[in-house]
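**Student:** Below: one structure in structure tokens.
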Amino acid sequence: MHEQIINQIKELAQPIAEEKDMFLVDVEVKHQKVPEIWVLVDTETGQVNLDSCSAISRELGAGMDAQNLLQGSYRLNVSSPGLSRPLSDKRQYAKNRGRTAKIKYKQQENYHSVEGVIEDVDHDKILILQEAQDPVEIHFEQIVETKIIPKI
């Protein structure tokens, strides 16, 4: 599917998500006989719930059909990103304050990895607390990937 169509879906989805006090994380298209579109949303407060995802799906589907974005049938799925997906939006960090994360980041020309608790988040950086080590401050522009480590 062309990047242009994905961008059009994002443009339609973003204001719909914002109406539900959510934000768009990503749009993915999986090619099959019937294209499967995944719209990933999150919220800065609370949880992503089924009712909100259903409402976004209905409104987005109607908008996509009205603009005739896709030829033929398709499947539309609206969901939270889930724990296995790396954080991709700064707004996700504050929501995960107090949780353990593994962060890969680049400092000068070297890559580093740190695992610890997201202690603090502000507009341009995060603070990670590690066991028996000094806290690590990482600026968002240095982050390559952040994954939340679920507690079992």
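We did not get these values from a lab; they are worked out from the coordinates using the rules stated. Keep in mind that this is a model prediction, so the values were computed, not measured. So basically every Cβ, Gly included, is an ideal-geometry build from the backbone, and we count neighbours across all protein chains shown.
**Student:** Averaging over every viewing direction, what projected area does the convex hull of the Cα atoms of the chain cover, in nm²?
**Tutor:** Orientation-averaged projected area of the Cα hull: 11.0 nm².
**Student:** So between Gln67 and Glu28, what do we pick up on full extension, going 0.36 nm a residue minus the alpha carbon distance?
**Tutor:** Full-extension gain reported as 12.2 nm.
**Student:** Starting at the first residue of segment 140-152, write each ³J(HN,Hα) from the Karplus equation 6.51 cos²θ - 1.76 cosθ + 1.60 with θ = phi - 60°, in whole Hz, x for Gly and Pro.
**Tutor:** Once θ is set to phi - 60°, the couplings for segment 140-152 become 3, 5, 8, 6, 9, 7, 10, 10, 7, 9, x, 8, 10 Hz.
**Student:** Rank by packing, highest mean first: peptides 144-150, 103-109, 125-131, with packing defined as the count of other Cβ atoms within 10 Å averaged across residues.
**Tutor:** Highest-to-lowest ranking by the protection proxy: 125-131, 144-150, 103-109.
**Student:** Additional query: Can you list residues whose amide H is under 5 Å from Ser80's amide H, if they're 5+ apart or on another chain and H is modeled 1.01 Å from N?
**Tutor:** Here the answer is Val41, since their amide H atoms fall under 5 Å of that of Ser80.
**Student:** Here's a follow-up. Convert each backbone phi in segment 34-50 into a coupling constant with the Karplus relation 6.51 cos²θ - 1.76 cosθ + 1.60 (shift: θ = phi - 60°), then list the ³J(HN,Hα) values in order as whole Hz, x for Gly and Pro.
**Tutor:** Coupling constants for segment 34-50: 10, x, 10, 9, 10, 10, 9, 10, 8, 9, 6, 10, x, 10, 7, 10, 4 Hz.
**Student:** In addition: Search the structure for amide H atoms under 5 Å from the amide H of Lys125, placed 1.01 Å from N in the peptide plane, and list their residues when 5 or more places away or on another chain.
**Tutor:** Counting only residues 5 or more places away or on other chains, the set is Phe140.
**Student:** Once you sort the root eigenvalues of the Cα gyration tensor of segment 91-148 as a ≥ b ≥ c, which label holds: rounded (a/c under 1.5), prolate (a/b larger than b/c) or oblate (the other case)?
**Tutor:** Here segment 91-148 falls in the oblate category.
**Student:** Go through segment 80-85 residue by residue and turn each phi into a ³J(HN,Hα) via Karplus (6.51, -1.76, 1.60, θ = phi - 60°); whole Hz please, and just put x for glycine and proline.
**Tutor:** For segment 80-85, the Karplus curve yields 6, x, x, 6, 6, 8 Hz.
**Student:** Subtracting the Cα-Cα distance from 0.36 nm times the residue separation, let me have the gained length for Glu141 to Ser113 in nm, one decimal.
**Tutor:** 8.6 nm
**Student:** Throw me the Rg/Rh for segment 3-79, computed over C-alpha atoms with Kirkwood Rh, two decimals.
**Tutor:** Ratio of gyration radius to Kirkwood radius: 0.95.
**Student:** Let me ask you something else. Can you compute the FRET efficiency between Lys102 and His123 using 1/(1 + (r/R0)^6), with r the Cβ-Cβ distance and R0 = 25 Å? Round to the nearest 0.05.
**Tutor:** 0.65
**Student:** With 27 Å as the limit, write out which pairs from Lys20/Lys102; Lys20/Lys104; Lys20/Lys147; Lys30/Lys106; Lys10/Lys151; Lys20/Lys95 have Cα-Cα distances beyond it, or answer none.
**Tutor:** Those over the limit are Lys20/Lys102; Lys20/Lys104; Lys30/Lys106; Lys10/Lys151.
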